[in-house]
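Peer 1: To start, I am sharing the structure in question, which I have written as structure tokens.
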Amino acid sequence: MASYDVIIIGAGPGGYVSAIRCAQLGLKTAVVEGRETLGGTCLNVGCIPSKALLNATHHLHEAEHNFAKMGLKGKSPSVDWNQMKAYKDDVVGQNTGGIEFLFKKNKIDWIKGWASVPAAGKVKVGDEVHEAKNIVVATGSVPSSLPGITVDNDAGVVVDSTGALELPKVPKKMTVIGAGVIGLELGSVYARLGTEVTVVEYMDAITPGMDADVQRTFKKLLEKQGLQFIMGAAVQGVEANKTKAKVSYKLKKDESEHVLDADVVLVATGRKAFTDGLGLAEAGVEFTERGQVKTDAHWATNVSGIYAIGDAIVGPMLAHKAEDEGMAVAEVLAGKHGHVNYDVIPGVIYTSPEVATVGKTEAALKAEGRKIKVGKFSFMGNARAKAVFQGDGFVKLIADADTDRLLGAAIIGPSAGDMIHEICVAMEYGGSAQDVAMTCHAHPTYSEAVREAALALGDGAIHA
Ligand SMILES: Cc1cc2nc3c(=O)[nH]c(=O)nc-3n(C[C@H](O)[C@H](O)[C@H](O)COP(=O)(O)OP(=O)(O)OC[C@H]3O[C@@H](n4cnc5c(N)ncnc54)[C@H](O)[C@@H]3O)c2cc1C
């Protein structure tokens with residue numbers, strides 16, 4: 001048994017980042033992780049492996065669709081799926097190994113195994129009970145399914161995102177249930193590999209909650225890439241045998257019933273907080289109705305000495321949100337002032353083109369009755385985007401009509417996930433559209449489109 005200032009349960013982006021910051025602030029820190037490797041969902045079966053597959057298949061798409069236009073002739077590369085998965089695993093291994101290195105560097109103990117919390121101040125792993133002044137629950141989330149659907153990743157026919165990263169072969173036909181971020185990213189991967197991908201979504205628009213202009217453009221661009229969509233469809237159930245599955249659904253508009261055949265069904269209907277086996281309820285910790293650990297503005301639960309962060313609590317299930325909370329709770333535990341600005345948390349979809357948003361949508365601001373102005377600039381007016389055949393998207397900025405203060409942004413276009421940060425920084429500083437418009441942007445860059453959208457909010461964009 002050992003005694004610590006802090007024991008963090010879970011080594012995902014919330015937990016491992018929190019541990020590093022705790023150690024940097026002089027706290028004796030340990031992390032309990034039950035998985036074989038550090039990094040949590042994000043590094044092992046989430047952000048990182050999905051981005052590796054998106055990267056590989058993006059290059060395939062470029063070779064098949066754009067190389068010849070640029071005078072690069074010859075046969076397109078053939079796909080060695082096992083090698084592609086090996087590349088993905090290598091990327092994962094480098095990243096999870098990197099966290100192990102950082103733990104050693106910062107003198108953080110990794111207690112291997114599954115933890116429970118018999119009481120505040122105590123963390124049980126196997127037969128050992130460790131003591132800690134404070135405990136941070138960073139146990140993340142797991143995929144959630146729908147009633148009537150049994151996911152079996154080993155069988156590889158009805159899978160969740162984890163199974164979809166490991167399919168034994170590239171399927172001919174895939175049905176994706178859910179047009180959210182994970183379904184569209186992994187659907188894109190397989191569509192680029194030649195799979196006939198059909199996405200079935202309950203809502204009438206893809207990526208629910210996102211800017212409506214982006215939703216429309218994004219869907220059109222994905223359709224151009226071969227993805228098919230069935231919108232307003234309530235999935236009733238999935239029947240599977242060893243090699244195939246049938247998805248039955250009902251269209252909301254006329255209650256008509258339909259069945260889709262597929263070799264693989266990807267259930268991408270969201271994720272839920274994971275706190276199984278921790279015994280938190282028995283220790284007196286309160287939960288929300290959706291099973292998330294309840295916390296206050298400083299990530300403290302109702303039980304003194306127990307904190308929680310990341311996907312296990314309320315808020316967007318994003319790695320960087322978990323990381324920010326991880327750093328902030330460490331500051332709180334070290335007696336400093338931890339803070340997360342939940343109004344400025346970007347969201348990115350790593351398809352091609354990328355989609356990135358921050359702040360409030362036009363619809364949400366209008367519903368609040370706020371006086372706003374909207375500046376839009378098409379990538380058709382951006383020289384660099386045209387050179388890479390990505391003129392289809394746009395930058396949309398929303399500012400307060402009276403003060404010009406930036407309130408939100410949506411970008412669909414090349415490197416949108418990187419470009420959004422210029423707006424995040426501006427919003428963090430309470431900046432205006434004019435601040436962005438007056439900032440010199442290098443030419444030729446995609447970022448010039450952000451400046452043009454800001455100029456559109458003033459006297460007008462130049463290249464529109
Ligand atoms: C396919 C996919 C793609 C994604 N892509 C992105 C993306 O591009 N960008 C983005 O921001 N987010 C992405 N996400 C979401 C992101 O992975 C999560 O938001 C993030 O991992 C949450 O971090 P966390 O630290 O809260 O929890 P997790 O990463 O889930 O880590 C929790 C860890 O706790 C461990 N644990 C749980 N219970 C115990 C216990 N009792 N004892 C010991 N250990 C325990 C688990 O084994 C796990 O390793 C993606 C998710 C998926 C599934």
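The values are calculated or read from the model by the stated rules, or taken from the named source; none is laboratory data. Here the structure is a predicted model, which is why all the values come from computation and not from measurement. Positions of Cβ are backbone-derived with ideal geometry, glycine not excepted, and every protein chain shown enters the neighbour counts.
Peer 1: Please work out if residue 284 is outside any helix (DSSP H, G or I), at pLDDT 95 or above and within 14 Å of the ligand (Cβ to nearest atom).
Peer 2: Taking the combined requirement at face value, the residue does not satisfy it.
Peer 1: Consider the stretch 50-81. How many of its residues are more than 16 Å from the ligand (Cβ to nearest atom), part of a helix (DSSP H, G or I) and of a type in the set (A, V, I, L, M)?
Peer 2: Looking only at that region, the number is 4.
Peer 1: Right, another one. Tell me, which residue of the stretch 320-350 that is of a type in the set (Val, Ile, Thr) and within 11 Å of the ligand (Cβ to nearest atom) is surrounded by the fewest Cβ atoms within 10 Å (Cβ to Cβ)?
Peer 2: Residue satisfying both the conditions and the ranking: 345.
Peer 1: Pairs only if they're at least six apart or on different chains, beta carbon under 6 angstrom, first in the stretch 307-320 and modelled with pLDDT of 95 or more, second of a type in the set (Phe, Trp, Tyr) and more than 6 Å from the ligand (Cβ to nearest atom); list them, first residue then second.
Peer 2: So the pair list comes out as 307/299; 309/299.
Peer 1: In the stretch 111-138, how many residues are buried (at least 17 other Cβ atoms within 10 Å of the Cβ) and either more than 17 Å from residue 282 (Cα to Cα) or among the hydroxyl-bearing types (Ser, Thr, Tyr) (or both)?
Peer 2: Final tally of qualifying residues: 6.
Peer 1: Which of the numbered conditions does residue 35 fail, given that it passes all the others? Conditions: (1) surrounded by 23 or more Cβ atoms within 10 Å (Cβ to Cβ); (2) near the ligand (Cβ under 8 Å from one of its atoms); (3) not in a helix (DSSP H, G or I).
Peer 2: Unmet condition: (1).
Peer 1: Exactly one condition in (1) over 20 Å from residue 442 (Cα atoms); (2) surrounded by fewer than 16 Cβ atoms within 10 Å (Cβ to Cβ); (3) not basic (Lys, Arg) is false for residue 387; which is it?
Peer 2: Single failed check for residue 387: (1).
Peer 1: Here's something else I'd like to know. Among the residues of the stretch 7-32, what is the count of those that are within 15 Å of the ligand (Cβ to nearest atom), among the hydrophobic types (A, V, I, L, M, F, W, C) and farther than 13 Å from residue 310 by Cα?
Peer 2: 7
Peer 1: Among residues belonging to the stretch 299-319 that are of a type outside the set (Ser, Thr, Tyr) and away from the ligand (no atom under 13 Å from the Cβ), point out the one that is surrounded by the fewest Cβ atoms within 10 Å (Cβ to Cβ).
Peer 2: 302
Peer 1: Taking residue 134 as meeting all but one of (1) assigned to a loop (DSSP other than H, G, I, E, B); (2) away from the ligand (no atom under 16 Å from the Cβ); (3) in contact with a Gly (Cβ under 6 Å, 6 or more places away or on another chain), write down the number of the exception.
Peer 2: All conditions pass for residue 134, except number (1).
Residues checked against (1) closer than 19 Å to residue 356 by Cβ; (2) of a type in the set (S, T, N, Q):
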| position | (1), (2) |
| --- | --- |
| 164 | no, no |
| 169 | no, no |
| 186 | yes, no |
| 199 | no, no |
| 215 | yes, yes |
| 219 | yes, no |
| 222 | yes, no |
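Peer 1: Sticking with this structure for a sec: What number goes with the only condition from (1) under 18 Å from residue 196 (Cβ atoms); (2) assigned to a loop (DSSP other than H, G, I, E, B); (3) within 16 Å of the ligand (Cβ to nearest atom) that residue 266 does not pass?
Peer 2: Answer for residue 266: the failing condition is (2).
Peer 1: Please work out if residue 290 is near the ligand (Cβ under 8 Å from one of its atoms), at pLDDT 95 or above and not polar (S, T, N, Q).
Peer 2: no
Peer 1: Output the strands (runs of 3 or more DSSP E) that fall wholly within the stretch 152-263 and possess 1 or more residues being within 16 Å of the ligand (Cβ to nearest atom) and either in contact with a helix residue (DSSP H, G or I) (Cβ under 8 Å, 6 or more places away or on another chain) or assigned by TED's automatic domain parsing to the domain that holds residue 395 (or both), or say none.
Peer 2: Counting at least 1 such residues, we get 173-177, 196-200.
Peer 1: Just the residues that are crowded, with 22+ Cβ neighbours inside 10 Å and without any contact (Cβ under 8 Å) to a residue 40 or more places away in the chain, please, taken from the stretch 402-446.
Peer 2: Within the stretch 402-446, 426, 436, 437 meet the criteria.
Peer 1: Could you go through the stretch 139-146 and let me know if any residue there is over 25 Å from residue 290 (Cβ atoms), away from the ligand (no atom under 12 Å from the Cβ) and either surrounded by 13 or more Cβ atoms within 10 Å (Cβ to Cβ) or not aliphatic (A, V, I, L, M) (or both).
Peer 2: The answer is no, given that none of the residues of the stretch 139-146 is over 25 Å from residue 290 (Cβ atoms), away from the ligand (no atom under 12 Å from the Cβ) and either surrounded by 13 or more Cβ atoms within 10 Å (Cβ to Cβ) or not aliphatic (A, V, I, L, M) (or both).
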